[in-house]
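What follows is calculated from the coordinates using simple rules that are stated; it is not laboratory data. Owing to the predicted nature of the structure, the values given are computational and were not obtained by experimental measurement. Quick reminder, even Gly has a Cβ in these numbers, built from the backbone with ideal geometry, and neighbours come from all protein chains shown.
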Amino acid sequence: MKIAILSRNKNLYSTRRLKDTAEQRGHSVWVIDPLSCYMNINMQHSSIHVRGEELPDFDAVIPRIGASVTFYGTAVLRQFEMMGVYPLNESVAISRSRDKLRSMQLLSRKNVGLPITGFANKPSDIPDLIDMVGGAPLVIKLLEGTQGIGVVLAETRKAAQSVLEAFMGLKSNIMVQEYIKEAGGADIRCFVIGDKVIAAMKRQALAGEFRSNLHRGGTASLIKLTPAERLTAVTAAKLIGLNVAGVDILRSNHGPVVMEVNSSPGLEGIENATGKDLAANIIEFIEKNAADSKTKTRGKG
């Protein structure tokens, strides 16, 4: 097969692993910066160009689109979809996953475990918003934040009020969530491919830190999932529409709760923690599913 990987940096661990693994399995692989692409959209022959050259026909495309380029990156991916190229994750599903509030709304509709979440845009709503999620301590999140950036733990009601007023004053989109104290600064990253959790790791925050992201110094270790946690992770990925997802869950007193569904989960931390070859699992999934009939939206989302 001829496979395109949409990635801004060909030297990133995940991009390299996917490229090397696909080539070892006999595929031809191009790493393409989505911001270098521009598109010709017409009835007869739509196409994608890079530096004056039209890209060849591909069988499949693997989107590794960063949050900061979601709008343009998904537009490029949508063009591939409209041209009949099989996407590992579809553009509409990636857009859903990047909108934290929309993701929470979709999951709540199907009774997936979630932390109590509040959303408002007026300072006058803040007191009721804080009460809605059970009071302080509580977690405040920027909707556009990634890798733990823009996530604040407000330990007192006064601190929560101050932070919320500041974010609202900057016209930032934020949501407020209950703080799951019993999680102890740890979360679980479930790596879902298709309808299975292929690997899982526990991420533990540094002492004095509540964000467990590996980018923020958190540590990773193997963990055994319960059947409820496996079901929650697979269901969450399916509801967002992702074939490959990193589903982050917390262990709460009332069962597993989903914190986020990531459409471009990194491979390095979880491959090192579990010893599993997730790049090979992803390429195998593409080999089995890369057919026009498997693409649900064909760029319609």
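Summary table
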item	result
Pairs of alpha carbons in the stretch 68-194 whose separation is greater than 17 Å (percent)	65 percent
Backbone N within the stretch 76-120 under 15 Å of label point (7 Å from Met1 Cα along the Cβ vector)	81, 84-90
Viscosity 0.692 mPa s, temperature 37 °C, Stokes-Einstein D of the stretch 2-88 from Kirkwood C-alpha radius, µm²/s	250 µm²/s
Mean separation of Cα contacts under 8 Å (6+ apart) over length of the stretch 1-113, as relative contact order %	24 percent
Difference of contour (0.36 nm per residue) and Cα-Cα distance, Asn173 to Ala120	18.2 nm
Under 14 Å from the Ser221 label point (7 Å along Cα→beta-carbon), backbone N, the stretch 158-184	184
Loop sites in the stretch 27-127: trypsin sites (Lys or Arg not before Pro), DSSP, at most 16 other Cβ within 10 Å	Arg51, Lys110
Within the chain, helix-based [θ] at 222 nm, where runs of 4 or more DSSP H residues each add -39,500 (n - 2.57), nearest 500	-9500 deg cm²/dmol
Where labels lie 7 Å past Cα in the beta-carbon direction, separation of His49 and Arg230 in nm	5.1 nm
D (Stokes-Einstein, µm²/s), Kirkwood Cα radius, the chain, 0.890 mPa s at 25 °C	121 µm²/s
Cα pair distances in the stretch 48-92, grouped into 10 Å bins until the bin that holds the longest one, percent each	28, 56, 16
Spatially proximal aspartates and glutamates relative to Lys238 (Cα-Cα < 15 Å; intrachain offsets below 8 disregarded)	Glu90, Asp195, Glu229, Asp248, Glu260
Radius ratio Rg over Rh of the stretch 117-179, counting only Cα atoms, Kirkwood formula for Rh	0.91
